[in-house]
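Worksheet: the structure to be examined is printed underneath.
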Amino acid sequence: MRFMHIADVHLGAAPDHGFVWSKDRGRELWESFRKCISDANEKKVDLLLIAGDLFHRQPEPQELKEVNYLFSTLEKTVVVLIAGNHDYLKPSSPYLNFPWNENVICLFSDVCERIRLPELKTEIYGFSYHRQEITEPLYDGLEAERNEYFRILLAHGGDADHIPLNKDRLASSGFDYIALGHIHRPQVYIRNLAMYAGALEPIDCNDIGPHGYIIGDVHRKKVKLAFVETSSRQYKNEEVAVDPQDTVFSVREKIAETIRNRGVQHTYRVILTGQRHPKLRFDVREYMKCGRVIEVTDRTVPSFQLEELRRQYKGQLIGNFIESFGDGPQNMVEEKALFYGLEALLYPEK
């Protein structure tokens, strides 16, 4: 039996709201999901597991029709899904009365239910969110029935406000695989047992690194897992080193070169580091023109010739300020305090 595990697709989201490419990102979420369905056919997947937050909010009826059509194109795949904290099942949710294809199974109860797929010798356990926040550790008490079936728990949560998890209890719960959603970065939660698939595409700037889905191949109740990267873009945090000779435009070129080298298709948070000339003022608006830059953070410190300043201002306020640091700053905090203090004293108009 082969399964595909996805989560946190967040259809309907508009990542990077306020930037010119935001609408394109919203369409890319749909395209990534469509490609995922195509991959399921190509890879002859028996079971598609969706571990919550298929939608970013309450789905519209037309959106459900679009998703259902894609599910209908699956040639041999059974789809099992739960609702997460974003697309939770409030009483008026269009989810509840939607006529799904016969290959789609929704575990929409607020208490754990189990479905059995005899042709795959597989059982899936799970339940859905009926409110946005659930602080109770509802997965702690779940146990799989001992039998010859491959037993899967479909689960969504992992922080204090969204069903906190206990590794020890999950590890001893008797499941053969635990398909997790809610955390957007793909990761192993319990080795050889529990995995966060991560968001199919990165949704915000904290979702750094690759994104995609998990493929599991099951043989004699043992599973071999592989992560498949599919995301069209990544969020990247990139440091750009500045030196005292730099100007506004030389820093701009450094940022542009970094983006060219790392990939113009990606979205960046740029962190400026190093030492700058004390009178240099960075032009963030200019730097945002270098590509998909959503944030520029200045972590530079002004460059000063301390010994020269110590001699020049000996016995004066500035000289005494430098002397208060003894032989020099002992750590990064003291270094910043010294440099920023000198900047304020020497260039109060800046």
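Against the conditions (1) outside any loop (DSSP other than H, G, I, E, B); (2) closer than 23 Å to R260 by Cβ, F282 satisfies every one except (1). In this entry, K254 passes the filter for residues that are of a type in the set (K, R) and crowded, with 17+ Cβ neighbours inside 10 Å. Take R260 and decide whether it is modelled with pLDDT of 95 or more, more than 25 Å from the chain's Cα centre (by Cα) and open to solvent by 50 Å² or more (accessible area, probe 1.4 Å). Criteria not met by R260. Reported count of residues in the range 188-219, each being at pLDDT 95 or above, open to solvent by 10 Å² or more (accessible area, probe 1.4 Å) and under 8 Å from the mean Cα position of the chain (by Cα), is 0. Answer yes or no as to whether A179 is open to solvent by less than 30 Å² (accessible area, probe 1.4 Å) and part of a loop (DSSP other than H, G, I, E, B). No. The residue pairs whose first member lies in the range 307-325 and is within 11 Å of L342 (Cβ to Cβ) and touching a residue at least 60 places away in the same chain (Cβ under 8 Å), whose second member is of a type in the set (S, T, Y) and open to solvent by less than 50 Å² (accessible area, probe 1.4 Å), and whose beta carbons are closer than 7 Å, counting only pairs six or more residues apart or on different chains, do not exist in this structure. Residue count for the range 1-30 satisfying the condition of being open to solvent by 50 Å² or more (accessible area, probe 1.4 Å), farther than 30 Å from E148 by Cβ and touching a residue at least 12 places away in the same chain (Cβ under 8 Å): 3.
Here the range 227-236 is the region considered, the condition is being in a strand (DSSP E or B) and open to solvent by 50 Å² or more (accessible area, probe 1.4 Å), and the residue that is nearest to E201 (Cα to Cα) is E229.
For L170, are the conditions met, namely being over 16 Å from the mean Cα position of the chain (by Cα), surrounded by fewer than 19 Cβ atoms within 10 Å (Cβ to Cβ) and not β-branched (V, I, T)? Taking the combined requirement at face value, the residue does not satisfy it. Screening the candidates T247, T267 for the property of being open to solvent by less than 30 Å² (accessible area, probe 1.4 Å) and at pLDDT 90 or above yields one hit, T267.
At pLDDT 95 or above and loosely packed, with under 12 Cβ neighbours inside 10 Å: does that describe P91? Taking the combined requirement at face value, the residue does not satisfy it.
Number of residues in the range 110-152 that are modelled with pLDDT under 95 and of a type in the set (K, R) equals 1. Filtering the range 31-49 to residues that are open to solvent by less than 10 Å² (accessible area, probe 1.4 Å) and part of a helix (DSSP H, G or I) leaves F33, C36, I37, A40.
Set side by side, the residues L342, L317 differ, and just one is open to solvent by less than 50 Å² (accessible area, probe 1.4 Å) and either modelled with pLDDT of 85 or more or under 17 Å from Q275 (Cα atoms) (or both), which is L342. Every listed requirement among (1) closer than 21 Å to V228 by Cβ; (2) open to solvent by 40 Å² or more (accessible area, probe 1.4 Å) is met by I152 save one, (2).
The values are calculated or read from the model by the stated rules, or taken from the named source; none is laboratory data. For clarity, every value in this text was computed on a predicted model and none was experimentally measured. Cβ coordinates were reconstructed from backbone atoms using ideal geometry, including for glycine residues, and neighbour counts include every protein chain displayed. All accessible areas refer to the heavy atoms of the entire protein, side chains included, with ligands and DNA or RNA removed. Shrake-Rupley method; radii C 1.70, N 1.55, O 1.52, S 1.80 Å.
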